[in-house]
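S.K.: Questions regarding the structure given below will be posed in turn.
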Amino acid sequence: MGCGRLIPGSDPLCGQLLEVKQLAPKIKKMVKAWQFSLALMLIIGLVTGLAGCAGNAGGGNELSGSIKIIGSNTLTPLTTVWAEEFVKVHPRVRIAVTGPGSGAGIAALIDGYIDICQASRKIKPKEIEQAKANGVNPYEIQVATDALAVVVHPSNPLSELTIAQLSAIYTNKITNWKEVGDNDAPIVALSRDTNSGTHVYFKEYVVQMQGLPTENKSLEYGTQVLFLPSTEEGVSETAKNPNAIFYPGLGYVTDQVKLLAIKRTASDPAVLPSVETALAGTYPIARPLLFYTNGEPTGVIKAFIDYCLSPEGQQKVIGIGYVPLK
Amino acid sequence: MVKGTVAMVKPTVSTAAAEASLEKSLRRRWRLGEKSIEGWIMLNGLLAIVVLVGVLVLLMREGLPIFLYTPPWKFLFGTDWYPVSEPPTFGIMPFFVSTLMVTVVATAIAVPIGIGCAAYLAEVATPRVRETVKPIIELLAGIPSVVMGFIGLMLLSPLVQSLFHLNTGLCGLTAGIMLSLMSLPIIVSVSEDALRSVPNEFREAAYALGASKWETIRYVCIPAALSGISAAIMLGVGRAVGETMTVLMVAGGALAVPHTPVEPMMPMTAAIASGIGNAVRGGLQYQALFAIGLILFIMTLAVNLVADRVLERQKRRFGGIAGK
């Protein structure tokens, strides 16, 4: 060895060089091992990835694919049940359902990154223009109907309201229950936020009284109205607060809240929301529940929507509490 | 050094050259390895700056165009927020005042409790108590904000409603209380560190002059640690300003400019969260929401920057004292 047979440690630099030289082959081995393991991991990763892809492609006749559904909070319980039942029959299909609000779903459809938009309000002409400008062609399919329920706390003695009174409540023109009923208490008007199709539908057909002679398109929700992020929160707050009023879809109504009968005008009969009254057309604020796709649906999306419209799918609608198409 | 007793083997020229080149290549490899690792670490550090600047640029690019539609003073001081009407109006005064009100309530609750807790942990508690209590307080910081919102909704809001005889418990006060629970751990943590960094000489001098423990804490420790405590408060404020999920669920969501904390209100974060799903990319509402985000970002950035500078000053003040 070149350093000479000095006592180890007596010449520091020489000693260090000795150590380094002894380590050199070990270092060479270590570097090689690290490179080797990295290469091994890359190969394993590639192989599993390719195997996964191959597995998906060689599916045969079974229906497979993925469907992304975003949109209405009102429709979400229904679409979730449909998705679960569909996936039971076709286990290779993956369906994702989220329900921030119809507005969010329509915006996502216009931006082109979902397959189905579930909406509880019709798409507006301006939104159709924006969609077409983005190369998206909205195709509308009605899948169910909803009788929009108006609920209050069970202790509230009120049992019916006209649409005009509802409009006055939600524009904060009427602020005390004694102006529409018997008890002297302030009204706490709960609403969904602007993401919600229910919010927009209620604004157009109740607050602005579309279709009635008193129609006023300049009316807005009042500044004392509470905007809540989800229908469940509205229903649970109504169940806790004796002064609250809220408008959930019929599927969200529980027996912790009290349904109000709605009169179209003061001279019309008061009708409670239910499957029968919505189908008969006597309930004044029943609205279609819609799916929007980009162009006519094909493939796995068409299969799913066919299931939703089939007698079996429509039976599920009643189970959730909404109104089937027939 | 022992000489002469060991026979030196004279190296031949070829082995000497071979060792020299091996030694040089090993040194080069180490240097290369070091340089590449240093480069990689520097890249990661730069990434943080790039992300921050990138977020700012994105917010400005998407949010500033709204000021072409609505002039800035009308945007900042207007009180009508109707983004889906024809024509849409954007005035964010209600949101701004709501954020301020909720933050003030949260800070007013969290600061006395937080500083008191920090003083207890730093000055009075035995080490065993400190070691048990501090992790528990830090656990509070780990509770997800949606769980806090749920607790506020189910437990706190009926309580607030019956206690203050309100129409509804979904108000700024409930949101402020939940936010104070979330900013408390930050305030306690940073304040306690600040109090502990006050040198013992200060306390010893106070005791030598005959001060009691409470007098020492009140007149010596806390004023000495005041920079650190202010930094803690500002960090807590920053947390309260930016919190979204809790205020979305609990603050009520009314569009009026609030006059008292017990009214339902919608802070800026809740306004963005409840509107962004509906906004079509590039549309007016989208730009307005990004502008609100820009204002929030600048507010939180300013608060955090000031807190950082104050903490630096605290460190410099006590870092150089002799005897440390």
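S.K.: Please compute the Kirkwood hydrodynamic radius of segment B:13-63 from all pairs of different C-alpha atoms, in Å with one decimal.
M.R.: After inverting the mean inverse Cα-Cα distance, the result is 14.3 Å.
S.K.: Ok, one more. What does the net charge come to around A:N216 if you take all other residues with beta carbon closer than 13 Å to its beta carbon, with K and R at +1 and D and E at -1?
M.R.: Result for the local shell: 0.
S.K.: Identify, among A:N137, B:L226, B:V105, the residue whose Cα sits farthest towards the positive end of the charge dipole of the protein assembly as shown, taking +1 on the Cβ of Lys and Arg and -1 on the Cβ of Asp and Glu, with the dipole about the Cα centre.
M.R.: Positive-end residue among those listed: B:L226.
S.K.: Show me the ranking of peptides A:143-153, A:258-268 by mean Cβ neighbours inside 10 Å, starting with the highest.
M.R.: The packing order, highest mean first, is A:143-153, A:258-268.
S.K.: In deg cm²/dmol, rounded to 500, what helix-only [θ] at 222 nm does chain A give when every DSSP H run of at least 4 residues adds -39500 (n - 2.57) and the total is split over its residues?
M.R.: Helix contribution divided over all residues of chain A: -12500 deg cm²/dmol.
S.K.: Express the relative contact order of chain B as a whole percentage, based on alpha carbon pairs under 8 Å and six or more residues apart in sequence.
M.R.: That works out to 24 percent.
S.K.: Step through the residues of segment B:269-284 one at a time and calculate ³J(HN,Hα) from phi using the Karplus curve (6.51 cos²θ - 1.76 cosθ + 1.60, θ = phi - 60°), rounding each to whole Hz and writing x for Gly and Pro.
M.R.: Each residue of segment B:269-284 in turn: 4, 5, 4, 5, 5, 7, x, 6, x, 7, 7, 6, 3, x, x, 5 Hz.
S.K.: Taking θ = phi - 60°, what integer Hz values does the Karplus form 6.51 cos²θ - 1.76 cosθ + 1.60 yield along segment B:292-308, in sequence order, with x for Gly and Pro?
M.R.: Along segment B:292-308, the couplings run 4, x, 4, 5, 4, 4, 5, 4, 5, 4, 4, 4, 5, 4, 4, 4, 4 Hz.
S.K.: Can you give the Kirkwood hydrodynamic radius for the protein assembly as shown, in Å, rounded to one decimal and based on Cα pairs?
M.R.: 30.1
S.K.: Taking each residue in B:249-256, count the Cβ atoms of any other chain within 10 Å of its Cβ, then average. What number comes out?
M.R.: Partner Cβ neighbours, averaged per residue: 6.
S.K.: Spelling out what I want: for every residue of segment A:166-173, take phi, set θ = phi - 60°, compute 6.51 cos²θ - 1.76 cosθ + 1.60 (Karplus), and round to whole Hz; glycine and proline get x.
M.R.: Result, ordered by residue: 4, 4, 5, 5, 7, 9, 6, 7 Hz.
S.K.: In nm, what is the difference between 0.36 nm times the number of residues separating B:R27 and B:I113 and their Cα-Cα distance?
M.R.: So the extension gain works out to 25.2 nm.
S.K.: Say the cut-off is 28 Å between C-alpha atoms; which of A:K217/A:K240; A:K178/A:K203; A:K203/A:K263; A:K68/A:K124; A:K178/A:K258 go over it?
M.R.: A:K217/A:K240
S.K.: Further question on the same structure: Among the aspartates and glutamates, which fall within straight-line cross-link reach of A:K326, defined as a Cα-Cα distance under 19 Å, with same-chain neighbours fewer than 8 residues apart omitted?
M.R.: Result set, ordered by chain and number: A:E140, A:D146, A:E276, A:D306, A:E312.
S.K.: Using 0.36 nm per residue, how much length does the chain from B:R61 to B:L163 gain when fully extended, once their Cα-Cα distance is taken away?
M.R.: On the way: separation 102, 0.36 × 102 = 36.72 nm, distance 4.64 nm.
Length gained, B:R61 through B:L163: 32.1 nm.
S.K.: If I model a spin label at A:I141 and B:T15 as a point 7 Å from the Cα along the Cα→Cβ vector, what separation in nanometres do I get?
M.R.: The answer from the label model is 8.5 nm.
S.K.: Another question, then. Out of residues 5 or more away from B:M266 or on other chains, whose amide H comes under 5 Å of its own, with H placed 1.01 Å from N in the peptide plane?
M.R.: B:G253, B:A254
S.K.: Same structure, new question: Rank-order B:45-52, A:194-201 by packing density, defined as the average count of other C-beta atoms within 10 Å over each peptide's residues, highest first.
M.R.: Listed from highest to lowest mean packing, they are A:194-201, B:45-52.
S.K.: Mind checking the full-extension length gain between A:K88 and A:A133? Use 0.36 nm per residue of separation minus the Cα-Cα distance, one decimal, nm.
M.R.: Values: separation 45, 0.36 × 45 = 16.20 nm, distance 3.79 nm.
Full extension of this stretch gives 12.4 nm more.
S.K.: Moving on to the next point. Need one value for B:159-170: mean number of C-beta atoms belonging to other chains within 10 Å of its residues' C-beta atoms.
M.R.: 3
S.K.: A:R94's amide H: which non-local residues (gap 5+, or another chain) put their own amide H closer than 5 Å, with H modeled 1.01 Å from N in plane and none for Pro or chain starts?
M.R.: A:G65, A:S66, A:I67
S.K.: Which log10 I(q)/I(0) values does segment B:222-279 give at q = 0.28 Å⁻¹ under the Debye formula, counting every alpha carbon as one identical point scatterer?
M.R.: Taken in order of the listed q values, log10 I(q)/I(0) reads -1.09.
S.K.: Starting with the highest mean, order A:170-180, B:184-194, A:104-114 by the number of other Cβ atoms within 10 Å, averaged over the residues of each peptide.
M.R.: B:184-194, A:104-114, A:170-180
S.K.: Per-residue ellipticity at 222 nm for chain B, helices alone: DSSP H runs ≥ 4 residues times -39500 (n - 2.57), over residue total, nearest 500 deg cm²/dmol?
M.R.: Result for chain B, helices only: -22500 deg cm²/dmol.
S.K.: Let me ask something else about it. Looking only at other chains, what is the average number of their beta-carbon atoms within 10 angstrom of each beta-carbon in A:99-108? Display every interim value, and only then the final one.
M.R.: Details: counts 0, 5, 3, 2, 7, 5, 2, 3, 9, 3.
The per-residue average across the peptide is 4.
S.K.: Moving to a separate point now. So what is Rg over Rh here for segment A:151-272, counting just Cα atoms and using Kirkwood for Rh?
M.R.: 0.92
S.K.: Just want the answer: with Cβ charges of +1 for Lys and Arg and -1 for Asp and Glu, which residue in A:L50, A:T223, B:A240 is farthest toward the dipole's positive end in the protein assembly as shown?
M.R.: With unit charges placed on the Cβ atoms, the residue in question is A:L50.
The numbers here are math on the coordinates, done by the rules we state, and not lab data. Keep in mind that this is a model prediction, so the values were computed, not measured. Positions of Cβ are backbone-derived with ideal geometry, glycine not excepted, and every protein chain shown enters the neighbour counts.
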